[in-house]
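These notes are about the structure you will find just below.
The values are calculated or read from the model by the stated rules, or taken from the named source; none is laboratory data. It should be emphasised that the depicted structure is a prediction, and the values quoted were computed from it without experimental measurement. Here the Cβ positions follow ideal geometry from the backbone for every residue, glycine too, while neighbour counts run over all protein chains shown. Note: areas computed on protein heavy atoms with side chains; ligands, DNA, RNA excluded. Shrake-Rupley method; radii C 1.70, N 1.55, O 1.52, S 1.80 Å.
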Amino acid sequence: GAFAKMSPETCYALSALIAVVVLFLVTLPKGNADDVSLECPATQWPAGKPARTNPSSYPTYDVNDPKGSFSKVNTMLINEVCSELPWAYELPPGEVEWVRNMLEYNVCGGKMNRGLMVVECGKEIFKASGKPITNEALVKFAVLGWCVEWLQAWLLVADDFMDDSQTRRGQKCWYLQPHVKKIAINDAFTIEMLVFKIMKRHFGSDPCYPQLVDLMLETTFQTECGQLLDTLCMNLDLPDFTVDRWTLIVKYKTAFYSFYLPVAFGMIVAGIKDQSEYDKAREILMIMGVYFQAQDDYLDCFGTPEEIGKIGTDIQDKKCGWLFANAYHNLASPEQKNVFDRLYGKCKVQTPEEEEIKNLYRELKLPELYTEYEQASYDKIMKLKGETKQVPWSVFDIFLKKIYKRSK
């Protein structure tokens with residue numbers, strides 16, 4: 001009832017507020033960094049909490065079948081969540097089934113690139129530091145990988161609702177399901193909180209647990225700050241959509257959770273404590289993340305739904321995107337700006353008016369400019385090769401191979 005009366009912006013602001021409250025309420029253990037107290041009497045009710053998973057019960061992680069092995073870990077996590085809800089939270093069977101269906105609809109079916117990168121990065125960092133890559137280590141990396149995937153899942157559920165998106169990953173957006181609608185907002189919050197339940201279950205007794213939670217909280221809030229910068233564009237005028245504002249949006253909305261988070265997870269689990277190592281890795285990964293979002297903006301306009309798994313809505317949604325910011329501020333004549341002023345954010349997808357904007361982009365040679373930008377970003381990244389000492393370059397090379405000149 002309460003959610004149904006909220007505007008999309010209010011719902012997202014509430015989500016951001018939840019993250020802030022949790023961020024300030026979390027108390028990290030004091031004293032020795034390796035001394036982690038498992039006693040949390042305020043939340044150890046009913047008997048049996050906190051739930052833990054014995055690593056001996058982990059599925060076998062076959063490195064020769066990375067996607068299959070990774071998917072098995074997600075199945076384990078969904079089963080764990082749904083088995084805990086009845087006895088620990090008194091949820092009736094109908095609500096448990098809702099959570100299961102909601103998770104299977106929203107966290108499965110993606111490319112899983114971000115989550116798989118946690119496993120790949122963790123393996124490379126462990127290998128460079130001489131740590132054994134056991135089945136337990138692989139599954140735990142995969143668990144963290146799914147934490148990233150679930151983080152993205154709840155963000156997309158909320159994002160699709162706010163943007164009036166139609167499809168996601170080749171299927172109808174969750175909120176458009178006739179039995180869901182505005183319940184999707186509560187579902188987004190639920191997935192967000194389940195991320196922390198997963199981390200506690202699988203890492204709660206590990207010395208690195210406080211750092212992992214701290215990183216996830218910080219990254220979640222950074223992403224929500226980026227989402228705020230993005231959604232408030234609806235209250236701004238087109239001249240406000242500068243390249244600088246676009247860069248700020250994508251740095252916080254995309255780069256931290258998609259690029260820095262997977263690597264930093266591996267670094268934390270590997271025991272890296274050198275501040276400069278995190279700073280250097282972050283510098284490289286921010287360039288990659290900003291470049292990745294420029295790709296995403298380009299594909300939203302010029303990619304087909306079959307290629308990108310969704311119908312691009314950036315023009316309809318009046319997005320502060322790479323194409324628009326460069327066209328409007330750096331390339332368009334006064335007459336061409338009038339076309340943007342008349343149509344951008346005021347037309348529907350797959351209409352002649354939207355195609356007029358796309359043709360204007362072509363006329364301004366945005367595809368050629370994008371190709372130049374892509375090469376310049378790659379060159380900038382390569383100049384930083386060798387800057388990190390404990391994180392091998394192979395970690396960054398894995399990212400580059402995934403994103404450089406991608407078409408989906």
(message) Against the conditions (1) among the polar types (S, T, N, Q); (2) surrounded by 22 or more Cβ atoms within 10 Å (Cβ to Cβ); (3) in a helix (DSSP H, G or I), where does Ser276 fall short? Just the number, please.
(response) (2)
(message) Considering only region 245-266, I want to know if a residue exists there that is more than 16 Å from the chain's Cα centre (by Cα) and farther than 24 Å from Thr313 by Cβ.
(response) yes
(request) Tell me, please, whether a residue that is touching a Phe, Trp or Tyr at 6+ places or on another chain (Cβ under 7 Å), surrounded by fewer than 21 Cβ atoms within 10 Å (Cβ to Cβ) and not polar (S, T, N, Q) can be found in region 303-317. (result) no
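Within the group Ser83, Ser69, Ser56, which residue is without any contact (Cβ under 8 Å) to a residue 24 or more places away in the chain, of a type in the set (Gly, Ala, Ser) and within 30 Å of Cys173 (Cβ to Cβ)?
Numbers: Ser69 fails: without any contact (Cβ under 8 Å) to a residue 24 or more places away in the chain; Ser56 fails: within 30 Å of Cys173 (Cβ to Cβ).
None of the others qualify; the one that does is Ser83.
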(message) Quick test of your reading of the structure: Ala281 fulfils all but one of (1) of a type in the set (A, V, I, L, M); (2) open to solvent by 10 Å² or more (accessible area, probe 1.4 Å); (3) modelled with pLDDT of 95 or more. Name the failing condition by number.
(response) (2)
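Identify all residues within region 52-106 that are aliphatic (A, V, I, L, M) and either within 17 Å of Phe141 (Cβ to Cβ) or open to solvent by 70 Å² or more (accessible area, probe 1.4 Å) (or both); write none if there are none.
Looking only at region 52-106, we keep the residues that are aliphatic (A, V, I, L, M), and these are 63, 73, 76-78, 81, 85, 88, 91, 96, 99, 102-103.
Correct list: Val63, Val73, Met76, Leu77.
Wholly within region 318-407, which helices (runs of 4 or more DSSP H) include no fewer than the required count, namely at least 3 residues that are open to solvent by 70 Å² or more (accessible area, probe 1.4 Å), touching a Gly at 6+ places or on another chain (Cβ under 7 Å) and free of Cβ contacts under 8 Å to residues at least 60 places away in the same chain?
The helices (runs of 4 or more DSSP H) meeting that bar number zero.
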(request) Give region 367-408 a look and list any residue that's within 18 Å of Asp300 (Cβ to Cβ) and of a type in the set (Val, Ile, Thr), or say none. (result) Thr371, Ile403
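Out of everything in region 371-386 that is of a type in the set (Gly, Ala, Ser) and over 23 Å from the mean Cα position of the chain (by Cα), what residue ends up being farthest from Asn326 (Cα to Cα)? Explain how you work it out, then say what you get.
Residues of region 371-386 that are of a type in the set (Gly, Ala, Ser), as a first pass: 376-377, 386.
Subsequent filtering for residues that are over 23 Å from the mean Cα position of the chain (by Cα) retains 376, 386.
Numbers: Ala376: 15, Gly386: 32 Å.
Here the residue is Gly386.
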(message) Whether any residue in region 260-283 is touching a Cys at 6+ places or on another chain (Cβ under 7 Å) and of a type in the set (Lys, Arg) is what I want to check.
(response) no
(request) Find the helices (runs of 4 or more DSSP H) located wholly in region 146-258 whose residues include 3 or more that are over 22 Å from Asp297 (Cβ atoms) and either open to solvent by 60 Å² or more (accessible area, probe 1.4 Å) or touching a residue at least 12 places away in the same chain (Cβ under 8 Å) (or both), and list them. (result) 183-203, 209-231
(message) Where the second residue is in a helix (DSSP H, G or I) and the first is farther than 17 Å from Lys405 by Cα and lies in region 300-311, which pairs have Cβ atoms under 7 Å and are six or more apart or on separate chains?
(response) Ile311/Pro305
(request) Name every residue in region 159-197 that is closer than 21 Å to Glu97 by Cα and of a type in the set (A, V, I, L, M), in order of residue number. (result) Leu176, Val180, Ile183, Ala184, Ile185, Ala188, Ile191, Met193, Leu194, Val195
